[in-house]
Amino acid sequence: MKKVKPARGGQPPLFPESVVHRFTRWICQEELGVLQDAFESFVEDMEANTDLTREDLGRLIEKAVDQFYYYLFCDIATYEFDEIGYIADLFVEKHAESLSSGDIEYLNKLKKSVVSLYEVVEVVPKSHLIVKDLLLKGEPIKITEKVASTTLVQWTIVASRLIQVAGENIFEGNILEIESERASFFLEVFEESVKESAKNLPKALRKDPRSLRGLRRELIQSITQPILAIWISGIVDRSGERPDLENSDGEAFQLIDLKYRIFEDTAPIEKILDAHKEFDRVDDKLEWAWFGAKGKKDDTIRAFVHIEDGLHLEAEVNSVERADKLDKLISTILKGHVGIVSREDKDFPDEGPPPELANIGAKLDDHPEIRKAMEEQLTRHYRQTLSEKVPMLGDKTPEQLVKTAAGRKEVVEWLKFLENASAKAFGNDIASRYDFTWMWEELGIADLRK
């Protein structure tokens, strides 16, 4: 059977120089076989429980090789054997003279740590996260985290190891983002295991918080690889895929630039656009918002049209349908004043929003009245949703479900899903900044937003 190498060139991925980095290098050099065993165990489990082959797994791991192996290395630090004790202790024994007391303390905490799933409750960029431990339960925890706090958003679920250093909680062993649907399934299975295992406790301890927390921690020690598996499964689903993007009219997303040559003076063009019901001038600039056939009644801005250097009329739209409609309109109302020069379809990179979308926030900051109109449109849409059947809620309305305890739990998960997806909205500055607080309050479940 063909083996997949556990690391390129037999060396660990490059991490910042630290005691964990030194430990990973030692694991790769030491003839203990634990890295190969850990890797083989994971691959065999994935082969047995998924349709993936070793070759498939090898390709997927290459997409996130640093995260994958760093996770394994930190897990190996927790391994304990009858003959030699903890692997981490063996490393300390062999390198005691070159390790500081802080290094040794850090490894002692790492070897006793467990992987858990955490839900991000609050984010303070470049400072910290407030998280809830979904497996061990308990009160929300403040995590000092300057890097991930700039990328994670509220209600994201992550897997990591929590340890205390100098009185502060930190995440060690990478922060793996887990898709909410996979996390929910995993949590259901875990809670069933807790219930079954609790039956083996003495009756007096089955509802004792300390005993149950100890039981949960014991069960968590056996789920390191399953958590790694659900993270890898998420990579499988995302591999090679680009989100299916649509504009607000449900049309396939395609950036298109329209460019027209201005024959003479711009004054007649300005007069026509100012008077037309489908256009609205932006401040005193040579720029107009185009609302489409319904005019300004539905507040949906479908494109911006502007005069460039007095020589060209230019527009950018985000679907073929909008480009056709706008081109037909301009060619009709500005006949004799402009002539089409070019129509260009624009591609955007596989990762991240197109530059035009990435800068939309800055553009809207210059036009607060447009931002306000778009936010109000979103609010009207979500307000209507509260009384409509939602597939994710079993085709029931949020207003119906909040009348029962079980229903409120479903609505909370739905709102968290909405907020999290909105915060990650692909290039949509309005959606990513939208405040959902009012929905929690209107449904009477603001106290559950934690």
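Measuring against 30 Å, Cα to Cα, the residue pairs Lys132/Lys195; Lys63/Lys325; Lys112/Lys203; Lys112/Lys207; Lys63/Lys195 contain Lys63/Lys325; Lys63/Lys195 as the ones spanning a longer distance. With R₀ set to 56 Å, the beta-carbon distance separating Arg383 from Glu139 gives a calculated FRET efficiency near 0.95.
Take the Cα of Gln225, go 7 Å toward its beta carbon, and the backbone nitrogen atoms of region 35-64 under 16 Å from that spot belong to 35-54, 57-58. For region 114-185, the calculated P(r), taken from all Cα-Cα distances in 10 Å bins from zero up to the bin holding the longest distance, is 21, 61, 17, 1 percent.
For a protection proxy built on the mean count of beta-carbon atoms within 10 angstrom, sort 34-41, 318-325 highest first, please.
Numbers: 34-41: 16.1, 318-325: 18.8.
Per-residue Cβ counts within 10 Å, averaged per peptide and sorted highest first, yield 318-325, 34-41.
Every number in this text was worked out from the coordinates using simple rules, so none of it is lab data. Predicted model, so just to flag it, every value in this text is computed and none were measured. We place every Cβ from the backbone using ideal geometry, glycine too, and count neighbours over all the protein chains shown.
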